[in-house]
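Note sheet for the following structure.
Only the coordinates and a few stated rules stand behind these numbers; no lab work does. Note that the structure is predicted; figures quoted are calculated from it, not measured. Positions of Cβ are backbone-derived with ideal geometry, glycine not excepted, and every protein chain shown enters the neighbour counts.
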Amino acid sequence: MPARSDAARSQVARDADAALTALYAEHYRSLVRLAALLLDDVGLCEEVVQDAYIRVHTAWGRLEDRDKALAYLRQTVVNLARSTLRRRLVALKHAPKPMPDAASAEEGAYTLVERAAVVQALRELPRRQREAVVLRYYADLSEAAAAAVMKCSVGSVKAYTSRGLTALGSKLEGLR
Amino acid sequence: MTALEPDELRRLLTEAVEPVQASPAGYHRIRAGVIRRRRLRMPMMTVGGLALAGLIGLVYLVIEPRTSATLVEPARPPLTQTTPDVTVSRRPVTPPGHGGTVGTGAGRPSASVSRLETAAVPTSPGGPGEETPSAASTSHPSGTPSNVHSPALPPPVSVPAMAGDVDGDGKSDPTTVSDTTVVVALSLFGSTSVTFPAVASPLSLSVFDIDADGYGELIVQTDSNGSTRNFGVAKLTQTGQLRIVSNSPLHAGLNGAHGDGFRCEAGKVVVAAGDRTTDKIYQVTSTTWELISTGFTALGSPTSSTVDLASAQSPFTAGCGIA
């Protein structure tokens with residue numbers, strides 16, 4: 001009996017490894033970009049996505065529908081982004097004031113993202129509106145799928161999206 | 001102020017994150033994280049299990065019922081102990097060198113035991129070649145067992161119990177007395193003992209089912225007041241122990257103009273107390289008592305009658321098997 005259990009466990013572990021590789025190859029970059037839009041510090045987005053992959057791998061044996069692994073992964077990214085934001089807010093609240101001559105952000109891809117006006121405008125949105133807008137118009141999720149990820153009703157997603165679009169339109173009016 | 005068109009927003013978002021490229025080390029970091037978590041899982045589960053076990057133990061210690069809060073009675077000794085009567089009934093011939101005495105009737109106690117007497121148990125058939133209960137009973141010291149949580153008594157084989165049967169198994173249980181302690185060798189459970197405040201000498205003792213519950217009660221003369229003898233009663237508890245019953249109303253004898261007596265009738269005790277009116281005529285008040293677990297309790301109202309001891313049987317005698 002224990003030998004059979006070990007064999008089944010080994011099979012699950014092999015499945016999880018194969019699925020992890022496939023999910024990484026196919027969706028890692030898009031998930032990092034999704035996290036970059038949700039977080040206010042794009043430097044953390046890779047950490048969040050990697051943590052999400054690790055969690056999905058750990059929970060692989062408990063997944064009821066493995067075809068929905070991507071949805072589960074995306075939801076984990078959103079949840080971890082929320083947690084990260086919450087932690088950062090607490091840390092910022094208790095952090096000392098930065099020096100006036102603090103070093104500027106390092107150059108590179110993330111700097112370019114930071115400089116994008118739409119990203120700046122997104123960060124000024126309330127968290128729920130930002131999530132709804134990103135999930136609907138960057139991740140291309142339906143309203144129902146976005147509602148499932150955000151754990152709210154479809155009506156709420158509609159409301160958040162509408163308000164988010166209006167607010168973004170106002171903020172980006174000068175660029176159009 | 002106009003809302004942003006969805007398509008335009010989609011384009012802006014895509015363009016904004018276009019520079020973001022996946023780190024080449026991303027996969028290796030994920031693999032390292034998976035391996036790290038796998039390694040941590042077992043110690044974490046172990047620590048969690050130990051913490052849970054500790055918590056359960058702590059809760060058990062907190063809510064464990066204290067034995068001091070329960071009734072503590074001396075428990076009986078292990079069931080493996082044999083009793084003299086069992087030996088008598090199953091092995092009529094005593095093996096040589098076993099220590100038994102050969103004779104008729106109940107034997108006398110060993111000289112090494114101070115004031116050890118054997119009660120007259122009516123159902124013990126004495127005869128040649130049989131081991132006497134008294135000889136074996138000396139090997140059973142006053143047992144004060146410590147197993148408090150003894151099982152309940154088995155149902156009696158007959159109601160009321162036969163004379164001499166304390167544990168209700170249909171066999172007579174021999175009794176011995178040492179000082180003020182009466183030791184009963186229960187054929188089911190082994191020896192058990194009960195200590196009375198006093199035990200009169202010569203010994204007057206009986207095992208009789210007073211309450212007709214199938215288990216015999218121990219009736220012992222404790223002392224006397226002039227010609228009136230006072231008796232104490234011990235009853236077998238559900239844990240197989242003997243416990244003295246409080247407020248025993250059992251007195252017997254004529255003491256001047258006053259007389260006391262008792263007899264057992266249908267699970268009750270009828271106690272008679274009378275005072276002489278003229279010559280041998282007594283005004284007798286009879287009270288019926290019931291023996292319950294807490295002690296004797298009077299039933300109904302006392303009845304009065306006039307008894308002429310010259311013509312009628314004296315009510316001022318001890319019944320319930322007392323000789």
Worksheet item: How long is the gain from A:Asp41 to A:Thr166 if the chain were fully straight, where each residue apart is worth 0.36 nm and the alpha carbon distance is subtracted?
Response: 42.6 nm
Worksheet item: Tell me, in nm to one decimal, what length is gained between B:Ser224 and B:Asp7 on full extension, where the rule is 0.36 nm per residue of separation less the Cα-Cα distance?
Response: 66.6 nm
Worksheet, complete the sentence: Taking R0 as 25 Å and r as the Cβ-Cβ distance between B:His28 and A:Arg14, the FRET efficiency 1/(1 + (r/R0)^6), rounded to the nearest 0.05, comes to 0.85
Item to complete: Please work out the Cα center distance from the stretch B:246-284 to the stretch B:168-218, rounded to the nearest Å.
Response: 24
Item to complete: Take peptide B:27-33, look around each residue's Cβ out to 10 angstrom, count Cβ atoms belonging to other protein chains, and average those counts.
Response: 6
Worksheet entry | Ranked list, fewest to most other Cβ atoms within 10 Å of each Cβ, for B:His258, B:His251 | B:His258, B:His251
Worksheet entry | Set of lysines with alpha-carbon distance to B:Lys235 below 21 Å, sequence-local pairs under 8 removed | B:Lys171, B:Lys268
Worksheet, complete the sentence: Long-range amide H partners of B:Gly168, meaning residues 5 or more apart or on another chain whose placed amide H is closer than 5 Å, are B:Gly216
